[in-house]
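Here's the structure, in structure tokens; my notes come after.
The values are calculated or read from the model by the stated rules, or taken from the named source; none is laboratory data. The structure presented is a predicted model; accordingly, all values stated were derived computationally and were not measured. Every residue, glycine as well, gets a Cβ built from its backbone with ideal geometry; the counts of neighbours run over all protein chains shown.
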Amino acid sequence: MDIRLEPYDPERHDTETIATLIFEADPETMALGFGPREKAVKIISRLMGLENNQYAAENITCALHDGKVVGIIVGFSGSKMRYYEKESGQDYFRSFGVWHMLKLLPRASTLQKIVTTDMADEEYCIFSLSVLPAYRSQGIGSQLLRSALQEHDRIALDVSIDNEAAQHFYERHGLVRNGESTVMYKGKRIGNYTMRTA
């Protein structure tokens, strides 16, 4: 299968497909932070059009097959993560709207407990990696990850404690578990393992 990787271009790539892929990379955490899928995809799409947040266009690389987006990777440096932690509030406020932001505010402390923020400046943080279901198990995710591994000496990411397939995928590519962040939420243990290059 011929796959081409290129930076996200809102003029050429389907924003809704990319926002959906971002959501589907970790639907439980994304729903906790953004709300139900349909609403979350709209919010993520708006964030992609702004500059000071994790989902800004400059952080997204698309995997294309016959001109169609079939996978994505979203990533940035640890120093950029700290910048977003301080500066992304306005983008999120603009994207969520006042009422939705206020409704999700109580969940913010839960999210802070399960998202790793202890990235070194030089580490590349993979915030999201996802492939459309019809294109999985064809090497596209591996191609996206290998591209990041070739460009960056150190990589870190969070992976859901419930997503064993993703955990094994990252382990096959040389990443190892480095920590765990979990909480009880509505009677269920949720959270992430932090994985890093060995």
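Inside the range 48-78, can you point out the residues that are closer than 25 Å to residue 105 by Cα and touching an Asp or Glu at 6+ places or on another chain (Cβ under 6 Å)?
50, 52, 53, 78
Taking the range 153-198 as the region of interest, how many residues are of a type in the set (A, V, I, L, M), closer than 17 Å to residue 127 by Cβ and not in a strand (DSSP E or B)? Lay out the reasoning, then the answer.
Pass one, the range 153-198, residues of a type in the set (A, V, I, L, M): 155-157, 159, 161, 165-166, 175-176, 183-184, 190, 195, 198.
Remaining after also requiring closer than 17 Å to residue 127 by Cβ: 155-157, 159, 166, 175, 195.
If we keep only those that are not in a strand (DSSP E or B) as well, we get 166.
Residues in the range 153-198 being of a type in the set (A, V, I, L, M), closer than 17 Å to residue 127 by Cβ and not in a strand (DSSP E or B): 1 in total.
Please verify whether the range 27-37 includes one or more residues that are buried (at least 19 other Cβ atoms within 10 Å of the Cβ), closer than 17 Å to residue 157 by Cβ and among the aliphatic types (A, V, I, L, M).
Checked against the condition, which is being buried (at least 19 other Cβ atoms within 10 Å of the Cβ), closer than 17 Å to residue 157 by Cβ and among the aliphatic types (A, V, I, L, M), the range 27-37 yields at least one hit.
State which residue is surrounded by the most Cβ atoms within 10 Å (Cβ to Cβ) when the search covers only the range 57-71 and only residues that are within 24 Å of residue 39 (Cβ to Cβ), touching a His at 6+ places or on another chain (Cβ under 9 Å) and of a type in the set (A, V, I, L, M, F, W, C).
Checked the range 57-71; the qualifying residue surrounded by the most Cβ atoms within 10 Å (Cβ to Cβ) is 60.
Just give me the residues in the range 81-102 being touching a residue at least 40 places away in the same chain (Cβ under 8 Å) and surrounded by 18 or more Cβ atoms within 10 Å (Cβ to Cβ), in sequence order.
Matches in the range 81-102: 81, 91, 92, 95, 96.
So residue 94 clears everything in (1) at pLDDT 90 or above; (2) over 22 Å from residue 158 (Cα atoms); (3) basic (Lys, Arg) except one condition, right? Which one?
The number of the failed condition is (1).
Return yes or no: is residue 186 loosely packed, with under 13 Cβ neighbours inside 10 Å and within 21 Å of residue 37 (Cβ to Cβ)?
Yes: the conditions hold for residue 186.
Scan the strands (runs of 3 or more DSSP E) fully inside the range 40-138 and keep the ones with 3 or more residues being over 22 Å from residue 197 (Cα atoms). Give the derivation first.
On the way: elements: 60-65, 68-77, 124-131.
Here the list reads 60-65, 68-77.
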